[in-house]
Amino acid sequence: MADEMTADFEKRYNGGPTIRAALGLPVGRSHVTVLFGPSGAGKTTVLRCLAGLERPERGRIRFASETWVDTDAGVMAPPQARGVGYLFQDYALFPHLTVAGNITYAIHDLDSRERRARLDEMIRLLRLEGLEDRRPAQLSGGQQQRVALARVLARRPRLLLLDEPLSALDAPTREQLRGELRALLRGQRMPTLCVTHDWVEALTLADQVAVMAGGRILQTGSPDSVFSRPANAEVAAIVGVETVIAGKVVGRQDGLAAFDVAGKQLWAVEASGKGEEFYLCIRAEDVILEIGAQPSSSARNHLAGRVTDVRPAGPVSRVAVDCGFALTALVTRQAAQDLDLKPGTPVTATVKASAIHLIPR
Amino acid sequence: MNWLPIVLTLKLAGLTALILVAVGMPIAYWLAYSRWRWKFLAESVVALPLVLPPTVLGFYVLVAVGPKSPLGQWYQALVGHPLAFTFEGLLFASVLYSLPFAVQPFASAFGSVDPKLVEASWTLGKSRLATFLRVTLPLSAAGVVTGVVLSFAHTMGEFGVVLMVGGNIPGVTRTVSIDIYDEVQALNYTGAAETALVLLIFSFVILSIVYALNRNMWVVWPMR
C-alpha cells in the first residue's frame with residue numbers, strides 16, 4: 001500500500017450521469033496511465049476529483065499513506081494539500097504574469113537563489129530560453145503548453161494530472177510535442193494520469209490505458225492489450241483500432257521498416273526512419289482475407305493463419321484470425337459466406353505496408 | 001472662493017472610498033463566489049441605495065445613529081459624543097450610500113476572472129487568500145479602480161443624505177453640494193458658479209482618468 005495511489009469514488013451531477021472511477025497508480029516513479037474515451041465520458045471529472053477541485057459523493061482516494069478523500073470519515077483534503085500538478089486543457093496561464101512569473105508562481109517561498117536555479121532548470125528542460133519575459137498572449141500554443149508544464153513541474157508535484165494536454169494545438173505541433181511529452185514524462189519520477197480522446201496520443205504516452213465511457217471505466221490494461229483485445233463491443237467501438245501489436249524494427253529498406261512479430265515478418269511504411277520500438281496499428285477494414293495459397297499482389301504483407309471467430313455486425317462480419325498474433329478483419333457478410341469463413345478455416349490475411357500505422361513506443 | 005467645503009468634501013469622499021475598499025472587497029468576493037440560494041436577497045440589499053431616495057436612506061441612518069438607537073448609544077459610550085450631525089455620522093451614511101458603487105464593479109470584476117486561473121492557483125498550492133491577492137485582484141484591477149473612483153465621485157455629489165444626517169455645519173458636515181445650494185438660496189450666484197465649476201471640472205477629470213486607465217489596463221494586461 002505504501003507506494004500506491006488508489007482511488008475508488010463516485011461523483012454525481014444534478015441531471016447528469018454518475019461518474020464512477022476505480023484506479024490504481026504506482027507512486028514515486030514514472031508511470032503514465034491514460035484515461036481514454038469519447039468526450040462527455042467523465043474523464044475530466046475524474047481528474048478534478050483527484051486534484052481536489054470536485055468533491056466526490058462517495059468513496060475513497062488514498063495517496064501512499066495519506067488519505068485525500070474518505071466520504072465515510074468526512075475527509076476531504078483541499079487541492080492545496082495534495083501536491084498534484086494539474087495541467088488544464090487550455091493551460092490556464094496567468095495572463096498578467098510573464099513566463100518566468102508563471103513558472104515561479106508556486107515556488108515563491110523558496111529563497112531567491114534556489115528559485116532562480118529551479119527556473120533555469122525548467123527553462124532548459126522545456127526549451128523556453130529567451131521567452132522568460134514574454135506574456136502568455138505573446139506565445140504560440142506549443143510554447144504555452146510548455147510553460148504550463150514548466151509551471152506544474154517547478155514545484156515537484158507527486159502526481160501529474162494532464163487534461164487533454166495536446167488537444168488545444170494544431171496538428172503539426174501536436175505531432176511534434178507528442179514525442180517530447182512522452183520523453184519528458186519518462187524522465188519524471190512521478191505517476192501521471194493523462195486524459196485524452198486521441199488514440200495515437202494514448203498509445204504514445206501510456207504505460208497503462210483505462211478506457212472510459214458513460215461515466216464508467218470499462219477496461220484497464222496495457223495499451224496493446226486494450227486496443228487489440230477489447231473486453232467488449234463497447235470498448236472495441238471506442239478504441240476504433242482493432243489490431244495493435246508491439247514490434248521491434250529488424251531491418252529497413254526503401255522507406256519501409258521490417259518488423260518481426262511472432263515469427264512473421266511485417267513491412268510498414270515509415271515516415272521518420274527513427275526509433276526501434278513501435279506499436280503497429282492495423283484497422284480491421286484494411287485487412288483482406290483470401291483462401292488458400294499465398295497470392296501475389298502489390299501488398300507487402302501476406303500472413304497465413306486460421307480463423308478463430310466470426311461475428312456478424314450489421315452488414316459486415318468481424319473476423320478474428322490467428323496468424324501468430326491476433327488480427328481482426330472486417331469483411332462483408334456476403335464475402336464471409338462465399339469464403340465459408342468459420343473457426344478453423346485456413347486463410348491468408350493481406351495488409352498493405354501503408355495501412356500499418358506506426359506509433360513509437 | 002470658499003475652499004472649506006471643497007476640502008471637507010474631498011476628505012469625506014476619500015475616506016468613504018477607502019473604507020469601501022476594505023468593506024466592499026469581502027462583500028464583493030462573497031457575492032461573486034457564494035452559491036447560497038438566498039444570495040439574491042443580499043444582492044438586493046447592497047443595491048438598495050441605487051433606487052432609494054437619499055432622504056429615505058438618510059432618514060433611516062439618522063434614526064440608526066440617533067441617541068436613542070443601540071448604535072448611537074454604543075458610539076456615545078465609546079467616544080463620548082453622539083454620532084448624529086458629526087463628520088463620523090456623515091461618513092457612516094456615505095459608506096452605506098455609495099456601497100453599490102463600489103461592491104458592484106468589484107463583484108463583477110471578480111466574477112469575470114476565469115475560474116480556471118483560480119483553480120490553477122489552488123492546485124499550485126496557494127491558499128484562497130494568496131490566490132485572491134496574486135491572481136484575482138491583479139486581474140480585477142480595472143474593476144477595482146472603477147469601483148473606487150465611482151464611490152469617490154458619488155460621495156462628492158451627494159446631497160440628500162448629507163442634509164438629513166449631517167445638517168449644515170461649516171467644516172464638519174457642510175459639503176460642496178450643500179454649499180452650492182446655500183449660495184443659491186442666498187442669491188449669491190457668483191459663489192455658486194465658482195464652486196459648481198470646480199466640481200464639474202473635477203468630476204470630468206476623474207472620469208477621464210478612469211476611462212483612460214480602463215482602456216490601458218487591457219493593453220498592459222492582455223486577457224486573451
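The values are calculated or read from the model by the stated rules, or taken from the named source; none is laboratory data. Predicted model, so just to flag it, every value in this text is computed and none were measured. When we count neighbours, we look across all protein chains shown, and the Cβ atoms used for this are built from the backbone with ideal geometry, even at glycine. Side chains included, ligands, DNA and RNA excluded: accessible areas come from the protein's heavy atoms. Shrake-Rupley method; radii C 1.70, N 1.55, O 1.52, S 1.80 Å.
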Hey, A:L110 of a type outside the set (D, E, K, R), in contact (Cβ under 8 Å) with a residue 12 or more places away in the chain and not in a helix (DSSP H, G or I) or not: no
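Taking the conditions exactly as written (on the phi < 0 side of the Ramachandran plot and either more than 14 Å from chain B (Cβ to nearest Cβ) or modelled with pLDDT of 95 or more (or both)), does A:R113 satisfy them or not? If you could, list the steps in order and put the result at the bottom.
On the way: on the phi < 0 side of the Ramachandran plot: yes; either more than 14 Å from chain B (Cβ to nearest Cβ) or modelled with pLDDT of 95 or more (or both): yes.
Considered against the rule, which asks whether it is on the phi < 0 side of the Ramachandran plot and either more than 14 Å from chain B (Cβ to nearest Cβ) or modelled with pLDDT of 95 or more (or both), A:R113 comes out as yes.
For the subset of segment A:93-109 comprising residues that are among the β-branched types (V, I, T), within 13 Å of chain B (Cβ to nearest Cβ) and open to solvent by less than 10 Å² (accessible area, probe 1.4 Å), which member is farthest from A:P157 (Cα to Cα)?
This residue is A:I103.
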All but one of (1) under 21 Å from B:Y60 (Cα atoms); (2) out of contact with any helix residue (DSSP H, G or I) (no Cβ under 8 Å at 6 or more places or on another chain) hold for B:L163; which doesn't? (2)
Selection over segment A:64-92 where residues are more than 14 Å from every other protein chain (Cβ to nearest Cβ), in contact (Cβ under 8 Å) with a residue 12 or more places away in the chain and part of a strand (DSSP E or B) yields a count of 1
What's the total number of residues in segment B:21-50 that are under 21 Å from B:V113 (Cα atoms) and hydrophobic (A, V, I, L, M, F, W, C)? 11
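Can you give me the ranges of the helices (runs of 4 or more DSSP H) entirely in segment B:53-163 with at least 3 residues that are within 14 Å of chain A (Cβ to nearest Cβ) and open to solvent by 40 Å² or more (accessible area, probe 1.4 Å)? It would help to see each step written out before you state the result.
Values: elements: B:54-65, B:70-79, B:87-111, B:115-123, B:128-131, B:141-156.
Passing ranges, in order: B:115-123.
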Could you please let me know if A:G215 is farther than 19 Å from A:P38 by Cα, touching a residue at least 60 places away in the same chain (Cβ under 8 Å) and not aromatic (F, W, Y)? no
Looking at segment A:319-335, is at least one residue open to solvent by 10 Å² or more (accessible area, probe 1.4 Å), at pLDDT 85 or above, in a loop (DSSP other than H, G, I, E, B) and over 21 Å from A:V226 (Cβ atoms)? no
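Suppose we keep only residues that are within 13 Å of another protein chain (Cβ to nearest Cβ) and hydrophobic (A, V, I, L, M, F, W, C) within segment A:126-152. Which one would you say is surrounded by the fewest Cβ atoms within 10 Å (Cβ to Cβ)?
Here is the first cut: in segment A:126-152, the ones within 13 Å of another protein chain (Cβ to nearest Cβ) are A:134-139, A:141, A:144, A:147-152.
When the remaining residues are screened for being hydrophobic (A, V, I, L, M, F, W, C), the result is A:137, A:139, A:147-150, A:152.
On the way: A:A137: 12, A:L139: 18, A:V147: 24, A:A148: 26, A:L149: 26, A:A150: 24, A:V152: 23.
Step by step, filter segment A:126-152, then rank; the result is A:A137.
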Can you confirm whether segment B:182-193 contains a residue that is in contact (Cβ under 8 Å) with a residue 60 or more places away in the chain and more than 14 Å from every other protein chain (Cβ to nearest Cβ)? yes
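Please pick out the residue among A:R306, A:R252, A:R283 that is over 28 Å from the mean Cα position of the chain (by Cα) and open to solvent by 70 Å² or more (accessible area, probe 1.4 Å). Explain how you work it out, then say what you get.
Values: A:R252 fails: over 28 Å from the mean Cα position of the chain (by Cα); A:R283 fails: over 28 Å from the mean Cα position of the chain (by Cα).
After ruling out the rest, the residue left standing is A:R306.
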With the condition kept exactly as written, say whether any residue in segment A:171-184 is surrounded by 15 or more Cβ atoms within 10 Å (Cβ to Cβ), assigned to a loop (DSSP other than H, G, I, E, B) and away from chain B (no Cβ under 14 Å). no
All positions within segment A:209-230 that are open to solvent by less than 10 Å² (accessible area, probe 1.4 Å), of a type in the set (V, I, T) and in contact with a Gly (Cβ under 9 Å, 6 or more places away or on another chain): A:V209, A:V211
Between residues in segment A:160-183 that are touching a residue at least 24 places away in the same chain (Cβ under 8 Å) and residues that are in a strand (DSSP E or B) and among the aromatic types (F, W, Y), which pairs lie under 9 Å by C-beta distance while being six or more apart or on different chains? A:L160/A:Y86; A:L161/A:Y86; A:L162/A:Y86; A:D163/A:Y86
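For A:A353, are the conditions met, namely being closer than 29 Å to A:L181 by Cβ and either under 24 Å from the mean Cα position of the chain (by Cα) or surrounded by 12 or more Cβ atoms within 10 Å (Cβ to Cβ) (or both)? Before the answer, list the steps.
Values: closer than 29 Å to A:L181 by Cβ: yes; either under 24 Å from the mean Cα position of the chain (by Cα) or surrounded by 12 or more Cβ atoms within 10 Å (Cβ to Cβ) (or both): yes.
Here the answer is yes, as A:A353 does meet what is asked.
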Across segment B:164-194, what is the total count of residues that are part of a helix (DSSP H, G or I), of a type outside the set (A, V, I, L, M, F, W, C) and surrounded by fewer than 22 Cβ atoms within 10 Å (Cβ to Cβ)? 9
Criterion violated by A:V244 - all others in (1) open to solvent by less than 20 Å² (accessible area, probe 1.4 Å); (2) under 18 Å from A:A313 (Cβ atoms) satisfied: (2)
Can you pull out every residue in segment A:110-125 that is surrounded by 13 or more Cβ atoms within 10 Å (Cβ to Cβ) and of a type outside the set (D, E)? A:L110, A:R115, A:R116, A:R118, A:L119, A:M122, A:I123, A:L125
